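As structure tokens, the structure follows; a few thoughts come after it.
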């Protein structure tokens, strides 16, 4: 790999000084934070990411899981994915999140990977990883190899003619459904980013994954009080039973009023450049009976603009079935 | 010495080591890290190489700018076609023991690009990390030509190959008139199949460490299935004498055929070591493991005709397989379809199509693993159409002779496999109709298939050295790519000389040892094991002679046949109290060591008169999610007839591993080509899917009794390949039974199920 310098501060302020002065977003930055390193180090070895300097944030603390004043839970940015998924409060109050985390990667990776890092992991598009091929995300302006190539695992929603990559995280799909809030620190002080605004669609700038600024650090992820513990699930469909990225995944969460859906949250993974939510589909469910028919209807609303590529059109029908299955499971509706 | 066919004795006596589930003699070394693999041999001053791979699939290199790489302190050299030393011109210098007809690929030979990811430069530096970094600073400009990597298009120019590779038999001539019989058949099926490219992907990446000695000689640690193959290649390509190249490769972390041919990292490491006069290691990355041989993509058609009672009246099996532009890689894909069932009208056709890829390469059960699933899926489809139980249909057309040749099988306990496998699986409880075994949203299906592989034997030589303390060292230049060769050979030697396992050691993976053929094709126990038996038989005879010659001894005048060898003693059969220890016999003869060497030669005459093969019956249960198309293989029973099983523990592991691969072949494994780039794209373990633990449920392995005194003196046929053959068909047939969908394109990924 390319030579880089390494720095390991022991306070948030010192860490922020390490990235001070950088402009743009964190994806483009030359100085990067490293925590678990489960994605960044691989990408550096593959010469896909070429940071000049790594700021190791593993000694900053930020690894606690704490109650918030409004009855929610604050997940430290440096708490491990495994510790988060197995935390009793997370399991009891946000079972959908626990399930999503455990559906991702492997036990070994979850032991290393941190919550903040999970948000910043990069796409698993083949072309992004293979420096012998064109990729607008890796090298803007070189083209998108996947558009004309092998695109079985690629996006059906929100893609652009520059990039059809998908976000690989499972955890983020559940966080999107829960409407988590990302807390960040930077030279301008602290700010919060609603989860829906954290990741970006590719548009004309597919080389930028998120709206996190280059001089900011994720310190925590806040979960609102409502965890949909009674009526939620995470369903992941993939090519093997473990250790594979989602072809389609669904985080489904409902508030029920008897057999009627009061409110619904629906987020999809494996289908877009960010966890996909659609207010129209959720509105479609609200006030309707919890039935396969209304779930199917909502799924069709969500997928109304879905577009397949040469190898991934199957994802559209699969997503519909997965949404129906997940909603049925969340609602406790018998599938005939 | 030619070993004689004498099976029952001494192998069947009580207390025999053969047939015992002995734990791996090298197990402790492996789990403690004591076992050294090719990339783990360290030596002072070792330099590290990193390979630069081509970005295009076909064309030529116009320029390679190495200036930036060479400017880095610690970079020793960048080798390209422009600065390589003189290399041989004749193809024969580049051939190896597994080379098919044609012109082998020559790394760094000239500016021509033959296939994507072709190695085009080697950076050598003081550290691996530096070499890798420097490799990224090399700028290559190309002139690209159009490439062909689409087999359907290429098959328009398919041709019929000859006997283009050792072990390959072209299909037999047609018998009867299969096309007419098919047209007139009361019931028929006609199906098209595709088999995706698979890469071997052993856990250990291909690597070579070439240690350069001051006198110019080399010690080569290579990932290989044959140390002598590696030695010959290095000597021929670099014009060295055999005395100056020694190959030592005691451990190989899986190969599955990928080590049958010297791969380019060997060339690179040797080139750099010889040129720089330094020890050099070159190890491939996982993506680079997709830059050489692979199981070829294959298009097939199988058409079957039958009478209403299930009697087969027509078998047609056609296959087109990819090969490279430079070599004719061939494997036996269709011949099996003329051998498995009795049928008077059979037409088999096998063709190759040239593509701009690296030459394909033998991969576990090459040919059979591809061809048999097509046949066995078609048989299942025919059974469904006939309304017959698929097992009954197979029994109805069972054959005791090989219909391709008319020769009887040396042994064929396939009926026993069917019976025992079906019983263990509970096959009789299967409901016939598809979609009849639902559990909620899960569709349950049961399927079965037959497997077959050759039982081959090659010549091999083994040496043995018996010390006066009763320790025995046996050796032969074979490999142990994981099946448990160390253990099996140790058992055979210990058995014949009646020694405890821990007094016997077996050496392999060293070119200084006596000749052994490549480890492949399930023939190592048959070939090398027979040599081990032969040399131990000779030591046994010698010891008996020495004991018989002792006038004061208790065994005076007795012959080897009059003795039993057990616990380090020679014991008279007539009276077990007449006994001498090996130590006593040698001491009395003033001998400290007893050494010998023997060559085993197949029973050519009787083998020529028979068909030789291993057989299996595979039963599989799947659960298919009706909404999502996901498949779980919840149960597999594999009943195998492979002659004598030397070690049921390691043999079971081999078959289990092969069943796991069969699951991968059925459901997951595929190297996906970007046709516009001519390049495999999913070249890592994240996206090239092989089964994980969560995909693997109950696997039950049965070895049925099978006596065979023709295959070799041990009566053991080998189990390296048989375990995978037919497994994908059993699973595909179970998916049909679960869903009513007949899927003929492997792998059967969930999108294929949903869209069928």
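Given the structure, is residue B:88 in contact (Cβ under 8 Å) with a residue 24 or more places away in the chain, assigned to a loop (DSSP other than H, G, I, E, B) and over 22 Å from residue B:354 (Cα atoms)? The answer is yes for residue B:88.
Would you say residue B:529 is over 12 Å from residue B:463 (Cβ atoms) and crowded, with 24+ Cβ neighbours inside 10 Å? When the stated conditions are applied, residue B:529 passes them.
Going by what's in this entry, would residue B:730 be described as part of a helix (DSSP H, G or I), over 23 Å from the mean Cα position of the chain (by Cα) and within 30 Å of residue A:315 (Cα to Cα)?
Values: part of a helix (DSSP H, G or I): yes; over 23 Å from the mean Cα position of the chain (by Cα): no; within 30 Å of residue A:315 (Cα to Cα): yes.
Judged against the criteria, residue B:730 is not a match.
Of the residues making up the range B:139-190, those that are within 15 Å of residue B:348 (Cα to Cα), surrounded by fewer than 18 Cβ atoms within 10 Å (Cβ to Cβ) and in contact (Cβ under 8 Å) with a residue 60 or more places away in the chain number 13. Only residues that are crowded, with 24+ Cβ neighbours inside 10 Å and either modelled with pLDDT under 95 or assigned to a strand (DSSP E or B) (or both) were counted in the range B:626-665, giving 9.
For the range B:491-508, the criterion of being under 27 Å from residue B:259 (Cα atoms) and within 21 Å of the chain's Cα centre (by Cα) is satisfied by at least one residue. Here is the figure for the range A:308-336: residues that are more than 8 Å from chain B (Cβ to nearest Cβ) and within 17 Å of residue A:281 (Cα to Cα) total 9. Taking residue B:270, is it buried (at least 19 other Cβ atoms within 10 Å of the Cβ) and either assigned to a helix (DSSP H, G or I) or within 14 Å of chain A (Cβ to nearest Cβ) (or both)? So residue B:270 passes the test. The condition (being within 14 Å of chain A (Cβ to nearest Cβ) and touching a strand residue (DSSP E or B) at 6+ places or on another chain (Cβ under 9 Å)) is satisfied by just one residue among B:746, B:714, B:754: B:746.
Can you tell me which residue is farthest from the chain's Cα centre (by Cα) among those in the range B:589-624 that are without any contact (Cβ under 8 Å) to a residue 40 or more places away in the chain and in a helix (DSSP H, G or I)? Steps first, answer last, please.
Taking the range B:589-624 and keeping what is without any contact (Cβ under 8 Å) to a residue 40 or more places away in the chain, we get B:590, B:604-605, B:608.
Then keep just the ones that are in a helix (DSSP H, G or I); that gives B:604-605, B:608.
Details: B:604: 23, B:605: 26, B:608: 23 Å.
Per the criteria, the residue is B:605.
When you check residue B:76 against the structure, is it within 22 Å of residue B:279 (Cα to Cα), in a strand (DSSP E or B) and either without any contact (Cβ under 8 Å) to a residue 60 or more places away in the chain or outside the structural domain of residue B:521 (by TED's automatic domain parsing) (or both), yes or no? The answer is yes for residue B:76. Checking the conditions here, which among B:492, B:496 is more than 22 Å from residue B:251 (Cβ to Cβ), in contact with a helix residue (DSSP H, G or I) (Cβ under 6 Å, 6 or more places away or on another chain), assigned to a helix (DSSP H, G or I) and in the same structural domain as residue B:528 (by TED's automatic domain parsing)? Criteria check complete, one pass: B:496. Taking the criterion of being within 7 Å of chain A (Cβ to nearest Cβ) and either modelled with pLDDT under 95 or part of a loop (DSSP other than H, G, I, E, B) (or both), the residues of the range B:671-683 that qualify are B:672, B:676, B:677, B:681, B:682.
Helices (runs of 4 or more DSSP H) fully within the range A:115-203 that include at least 1 residues being surrounded by fewer than 21 Cβ atoms within 10 Å (Cβ to Cβ) and within 14 Å of another protein chain (Cβ to nearest Cβ): A:145-148. Filtering the range A:235-250 for residues that are within 28 Å of residue A:71 (Cβ to Cβ), away from every other protein chain (no Cβ under 14 Å) and not in a loop (DSSP other than H, G, I, E, B) leaves an empty set.
With a requirement of 3 or more residues that are modelled with pLDDT under 95 and within 14 Å of chain A (Cβ to nearest Cβ), none of the helices (runs of 4 or more DSSP H) lying completely within the range B:368-449 satisfies it. Could you tell me whether residue A:261 is assigned to a strand (DSSP E or B), on the phi < 0 side of the Ramachandran plot and touching a residue at least 24 places away in the same chain (Cβ under 8 Å)? So residue A:261 fits the description; yes.
In this structure, is residue B:639 on the phi < 0 side of the Ramachandran plot and over 19 Å from the mean Cα position of the chain (by Cα)? Steps first, please.
Numbers: on the phi < 0 side of the Ramachandran plot: yes; over 19 Å from the mean Cα position of the chain (by Cα): yes.
Yes.
Would you mind finding the one in B:278, B:301 that is in contact (Cβ under 8 Å) with a residue 60 or more places away in the chain, away from chain A (no Cβ under 14 Å), touching a strand residue (DSSP E or B) at 6+ places or on another chain (Cβ under 8 Å) and within 30 Å of residue B:83 (Cβ to Cβ)? Break it down into steps so the answer makes sense when it comes.
Details: B:301 fails: within 30 Å of residue B:83 (Cβ to Cβ).
When all the criteria are applied, what remains is B:278.
Of the residues in the range B:547-561, at least one is at pLDDT below 95, outside the structural domain of residue B:404 (by TED's automatic domain parsing) and part of a helix (DSSP H, G or I). Scanning the range B:345-365 for residues that are in contact with a strand residue (DSSP E or B) (Cβ under 7 Å, 6 or more places away or on another chain) and more than 30 Å from residue B:59 (Cβ to Cβ) turns up B:345, B:346, B:347, B:348, B:349, B:350, B:365.
Of everything in the range B:694-711 that's within 14 Å of chain A (Cβ to nearest Cβ) and touching a helix residue (DSSP H, G or I) at 6+ places or on another chain (Cβ under 9 Å), which residue is surrounded by the fewest Cβ atoms within 10 Å (Cβ to Cβ)?
Filtering the range B:694-711 for residues within 14 Å of chain A (Cβ to nearest Cβ) gives B:694-697.
Checking the rest, the ones that are also touching a helix residue (DSSP H, G or I) at 6+ places or on another chain (Cβ under 9 Å) come to B:695-696.
Numbers: B:695: 22, B:696: 17.
Residue satisfying both the conditions and the ranking: B:696.
The values are calculated or read from the model by the stated rules, or taken from the named source; none is laboratory data. These numbers were taken from a predicted model, which means no experiment stands behind them. For neighbour counting, all protein chains shown are included, and Cβ atoms are generated from backbone atoms with ideal geometry for every residue, glycine included.
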